Every structure is written in structure tokens, then in C-alpha cells.
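Quick one: structure below, then a few questions.
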Amino acid sequence: MPPKLLAVDVGNTNVSLGLFEYDEKKGNLAEHWRIGTRRDQTSDELTLVLRSLFEAGHRNIQDVDHVIISSVVPPLVPIWERVCLKLFPTRPQIVGPGIRTGMPVRYENPREVGADRIVNSVAAYEIAGGAVIAVDFGTATTFDCVSSKGEYLGGAIFPGVHISMEALFERASMLHRVEIVRPPSVIGRTTTASLQSGLLYGYAGMVDAMVTRIQEELTDTPDVLATGGLAQRISEESKTIRKVEPFLTLEGLRIIFEKNQTNREQ
């Protein structure tokens, strides 16, 4: 039976999971799930959730050989470690100091960079094959820049679309939650359309402006990839995003896992 890898990305809002099955050449994403992030969740509860996901997908959880985890919620790391020790034959690899990524980090303090940002950058660089900007539409909207030499240069962090929307509705009594879809025109003629215009076109414009400013500071001409829940919707209105990679973080975890496996074998 080919080996299987479970990749886990613990975000502030959601946890993304991907099951990779390996053939002779590389790991392929065979299954993926998304669950809500709960900071009060116990390892017993998470164990039940994982078992249920595998059963619903007609997968055998005992077939998992390896696990790799990235997390931006530090208190949940030991919880996930306990879950993995209960369910799987080996300790999980945790993306952090000491793990091999193959990407030099040029941040002033590399420990400040979120694990998901490095993981995204590793995957984006492999896909682009050169200088790249990875835009992640998550709880925060992040821009991560990689040089043509494969160096993580840094980036920018912006409040996420949903965070901004919730903050607006909490402060403005006359405004209500809306679905983030393309309105009939940029000039909204209803409150709903006006909100949709601001959220969709406003964020697309912000992305294009940020990418343009970042490009002005780089000596290389970077590719631009997007990921995250609203990546597809906003990329349709963006002039700078070239491609959407919905599983960028999971693929980055796979790549980092393989780099560390190769390092162990040498």
C-alpha cells in the first residue's frame, strides 16, 4: 500500500486538512477537509472529529503513516500532538524552528513569521519557479514575497474581508451582513449593492495596489498567486492575480515534509 501523509494547517478561523497518497513519483492530494478552529476543543473531541471525517470519506485512518502540522494558534499545537499520538504511528512534524523548509528567511526576526506564511511561500515558489507574491485571503489578507533565488523577503498583512465586514456591522447600526458577490454595478443603488461593491471591488483594488507597490521594490518581476476562501471571487476582479491555488498551504506542507524526509535519508 502506498504511504499516506496527513497535512494539517491550523488557522485562526479554520483548520484545513489534506490527505496525500504517494505513488512512485510524488504525493497527490486524495482528500481534503475544513473544520472550524476551536481553542477550547479537547484532544478527545478532535480525535472523534478526525475519525468521523475519515469514515465519511470512506478512508481508513489507520492507513496514515505520517503527519505534518503548521499552526498560527500556539495553544492548539500540543492538542494536535496528543491527537496524533493517539491515532498515528509516528510523532507529527511541526513547522517551526528546526524544520527544514529549503527557504532562507530574510525577516529581521524569522521567529515572527507565521508558519502558514512560510508554507505558502514554499509552495508558491515551487509552482512559479521564480520570484512570486503569494496572496492569502484568510482571517487576515497576507502578501508574502519570494525572490528569484527562493528567499523569503517579507510581505504585508491586511485585515481580512470577513474581519472588516464584521467590524463594520458591529459599529454601524443601519448596515447589515451581505453575501460577497458581484453587484450589478460599482455604483451601488441599494445598501446591499453598495456594501458588496465596497467589499469586492475595494479589496480587489487594494490587492492590485499592494502588488503594484511590492513590484516596484523588487528587482525581479514576480508571478502572483492567490489562495484562501475568497481567492477565486476576488481574483476575478483583480488585474494582478494570475492564478488561484486553493490548496496552496496543503501543498506547501507536503513539500516541506518531503524535504525533511529526504534530509533524514541522507
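No value in this document is a laboratory result; all are computed from the given coordinates. As the structure is a computational prediction, the values presented were derived from the model and not from experiment. Backbone-built Cβ (ideal geometry, glycine too); neighbour counts: all protein chains shown.
Taking only DSSP H segments of four or more residues, each worth -39500 (n - 2.57), what value at 222 nm results for the chain once the sum is divided by all its residues, to the nearest 500 deg cm²/dmol?
Values: 7 runs with 100 residues, N = 266.
-12000 deg cm²/dmol, from helical runs alone.
Going down the table (K26/K243; K149/K259; K4/K243; K4/K259; K4/K149), which pairs top 25 Å between alpha carbons? Numbers along the way, then the final one.
Numbers: K26/K243 22 Å; K149/K259 17 Å; K4/K243 28 Å; K4/K259 16 Å; K4/K149 31 Å.
Correct reply: K4/K243; K4/K149.
Right, here's the next one. For all pairs of alpha-carbon atoms in the chain, what percent lies in each bin of width 5 Å, listed from the first bin to the last filled one?
Final binned percentages: 1, 6, 12, 16, 17, 15, 13, 10, 6, 3, 1, 0, 0.
Straight-line reach only, C-alpha to C-alpha below 20 angstrom: list the aspartates and glutamates that K86 could link to, leaving out same-chain residues fewer than 8 apart.
The qualifying aspartates and glutamates are D9, D40, D44, E45, E55, D63, D65.
With the chain treated as a Gaussian network of Cα nodes joined by springs under 10 Å, which of A156, A115, A231 yields the largest mean-square fluctuation?
Ranking A156, A115, A231 by mean-square fluctuation puts A156 first.
Next up: What relative contact order, as a whole-number percentage, does the chain give when Cα pairs under 8 Å and 6 or more residues apart are counted? Each step should come with its number before you reach the end.
On the way: 457 pairs, mean separation 45.9, N = 266.
Worked out over the chain, it gives 17 percent.
Which trypsin sites (Lys or Arg not before Pro) does the stretch 125-181 hold that lie in a coil by DSSP with at most 16 other beta carbons within 10 Å? Each step should come with its number before you reach the end.
Values: sites: K149, R171, R177; in loops: K149, R177.
Here the trypsin sites (Lys or Arg not before Pro) that fit, given the DSSP loop and packing criteria, are K149, R177.
Sort the stretch 1-134 into rounded, prolate or oblate with this rule: let a ≥ b ≥ c be the square roots of the eigenvalues of the Cα gyration tensor; rounded if a/c is under 1.5, and if a/c is not under 1.5, prolate when a/b is larger than b/c, oblate otherwise. Could the numbers behind the result be given before it?
Details: a/c = 1.92, a/b = 1.29, b/c = 1.49.
The shape class here is oblate.
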